[in-house]
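Notes follow once the structure below has been shown.
The values are calculated or read from the model by the stated rules, or taken from the named source; none is laboratory data. Just so we're clear, the structure is a prediction, and the values are computed from it rather than from any experiment. Cβ coordinates were reconstructed from backbone atoms using ideal geometry, including for glycine residues, and neighbour counts include every protein chain displayed. When the accessible area is computed, the model is the full protein with side chains, heavy atoms only, and any ligands, DNA or RNA have been set aside. Shrake-Rupley method; radii C 1.70, N 1.55, O 1.52, S 1.80 Å.
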Number of protein chains: 2
Amino acid sequence: MPQNIAEPLEELIDQFARFPGVGRKGATRMAYEVMGMSNEQAMALSKAIEQAKTGLHRCRLCQDYTPGEVCKICASAKRDRSVICVVESPRDIKAIERTHEYHGLYHVLHGLISPMDGIGAEQLCVKELLARLNDTVKEVIMATSPTVEGEATAMYLAKLIKPMGIKTTRLAYGLPVGSSLEFADETTLYRAMQGRGEL
Amino acid sequence: MPQNIAEPLEELIDQFARFPGVGRKGATRMAYEVMGMSNEQAMALSKAIEQAKTGLHRCRLCQDYTPGEVCKICASAKRDRSVICVVESPRDIKAIERTHEYHGLYHVLHGLISPMDGIGAEQLCVKELLARLNDTVKEVIMATSPTVEGEATAMYLAKLIKPMGIKTTRLAYGLPVGSSLEFADETTLYRAMQGRGEL
């Protein structure tokens, strides 16, 4: 710790620097931002962290964060219980919900299989997913990221789920809407070609 | 609030989104990051905010944040009391201290004069600076940013301080070290030309 920085400030910078994507410089900026807040504002932030952490836990069914035992989507009578969309993290649910096109249920794995990082299927919420696959479920959509880990996880789960007689699908690969073909990488272009549909 | 996001999480996202430079997306990412922390980690973060805010206040002399009545720099017997370096914010002290080249005292204005934002001299710690200008002080260095507001503030203070018979200086303008002349803007280049020194 440099002599000229007060200890509680150094501690706060350390804490902010733990967020991925927030470097030492960004953390310092945020810490000074906190110092510039009114006492009420700073306490509201501190309290919000505490309350999110103590007031929320994983939904018994889909593993998304919820204040109750079961989350709003799992509890909703309006959702189609025959489809489960498998995602890596609760953030992905938010993204898919924004499309307003999906009306089924979700399941959060809380990670992806990654042998490089020593993360196996047993560290993910796979057991919890398999426990949900009763006769009502007709399709499981793999909505993991189009990365090596996302692919491996989708393949692993498909191998477990298909033998149960449940349709297992995967999000389409292709060109991002609004993008330029010129700048698409070869792999994406190849996948877009493979997945071409009739007009 | 979308139906599918738990309220304490939404509140936490709102809180993080208040940091300048942190958009809604970044705030969401940070909030989920908190959810993924252990309880101990999250409580340490919450506590650090509270403690920085309640455990620190402004130094009676220079207005930097400190746990005591007077900060370490103002209290240090090793610092040159004949020079005061005036900065916009406590962050700037940190930056100047990293050069290890300045051994005088500091004074934090906690802002810059900005008529556009309705910020006048009376909202800054100018009174506190003037109160420090006794016979010991031989030079006041204006180390405000090279912006319109930084310039205006430096000029304003110089007008008050020079008549007191105290030397008033300003940080040099010029090319950033390691930068390419080719990419320097005209104003910087003009200033670098004006401020050229003998070799």
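Structural remarks
- 14 Å beta-carbon shell around A:Val137, net charge (K/R +1, D/E -1): +2
- For B:Asn134, inter-copy label distances in nm, listed shortest first [label point 7 Å out on the Cα-Cβ vector]: 8.1
- Beta bridges by DSSP in chain B, antiparallel share as percent, to the nearest 5: 20
- Whole-percent carbon and sulfur share, accessible surface of the protein assembly as shown, 1.4 Å: 55
- Segment A:77-170, relative contact order in percent, only Cα pairs under 8 angstrom and at least six apart counted: 31
- Length added when fully stretched, B:Lys25-B:Arg81, from 0.36 nm per residue minus Cα-Cα: 15.5 nm
- 7 Å along Cα→Cβ, label-point gaps from A:Gly36 to other copies, nm, shortest first: 2.9
- Of the three principal axes defined by the Cα atoms of the protein assembly as shown, the extents in descending order read 90, 48, 40 Å.
- Net charge of the neighbourhood of A:Gly111, taken over other residues with C-beta under 10 Å away and scored Lys/Arg +1, Asp/Glu -1, is -3.
- Relative contact order computed over segment B:25-114 (Cα-Cα under 8 Å; 6+ residues apart), in percent: 22
- Counting only protein chain heavy atoms and rolling a 1.4 Å probe, the accessible areas of A:Asp185, B:Asp92 rank, largest first, as A:Asp185, B:Asp92.
- Chain B: angle of helix B:7-16 to the longest principal axis, Cα-based, in degrees nearest 10: 10
- Ranking by accessible area, most exposed first, for A:Tyr106, A:Tyr65 with a 1.4 Å probe: A:Tyr65, A:Tyr106
- Heavy-atom accessible area, 1.4 Å probe, ligands and nucleic acids excluded: residues of segment A:85-99 down by at least 30 Å² from chain alone: A:Arg91, A:Lys94
- Chain B residue nearest by beta-carbon to the axis mapping B to A, with distance in Å: B:Ser46, 2.
- Principal-axis analysis of the Cα atoms of chain B puts helix B:24-36 at an angle of about 60° to the longest axis.
- Note on chain B: GNM, Cα springs under 10 Å; of B:Arg60, B:Arg91, B:Arg18, the largest mean-square fluctuation is that of B:Arg18.
- Interface size A-B, as summed buried accessible area [1.4 Å probe, Å², nearest 100]: 5000
- Relative contact order (%) - chain A, alpha-carbon pairs under 8 angstrom, separation at least six: 13
- Taken over chain B, the percentage of Cα pairs per 5 Å bin, counting from 0 up to the bin with the maximum distance, is 1, 6, 11, 14, 14, 13, 12, 11, 8, 5, 3, 1, 0, 0.
- Here the extension length gained between A:Leu171 and A:Leu133 equals 11.7 nm, from 0.36 nm per residue of separation less the Cα-Cα distance.
- Net charge of neighbours whose Cβ lies under 13 Å from the Cβ of B:Ile96, counting Lys and Arg as +1 and Asp and Glu as -1: -1
- Straight-line cross-link partners of B:Lys162 among the lysines, defined as a Cα under 22 Å from its Cα and at least 8 positions apart when in the same chain: B:Lys127, B:Lys138.
- Solvent-accessible area of B:Phe19 with every protein chain in place, 1.4 Å probe, in Å² to the nearest 10: 0
- Accessible area per residue, Å², the protein assembly as shown with all protein chains present, probe 1.4 Å: 57
- Accessible area (Å², 1.4 Å probe, nearest 10) - B:Lys127: 140
- Taking segment A:149-183 and a reference point 7 angstrom along Cα→Cβ of A:Arg196, no backbone N atom is nearer than 12 Å.
- Of B:Ala77, B:Ala152, B:Ala17, the one that fluctuates the most in a GNM where chain B has Cα springs shorter than 10 Å: B:Ala17
- Using 0.36 nm per residue and subtracting the Cα-Cα separation, the extra length available between B:Gln41 and B:Asp117 on full extension is 23.5 nm.
- Helix B:148-161 and the longest principal axis of the C-alpha atoms of chain B enclose an angle of approximately 50°.
- Rg and Dmax of segment A:77-170, both derived from C-alpha coordinates alone, stand at 12.7, 41 Å.
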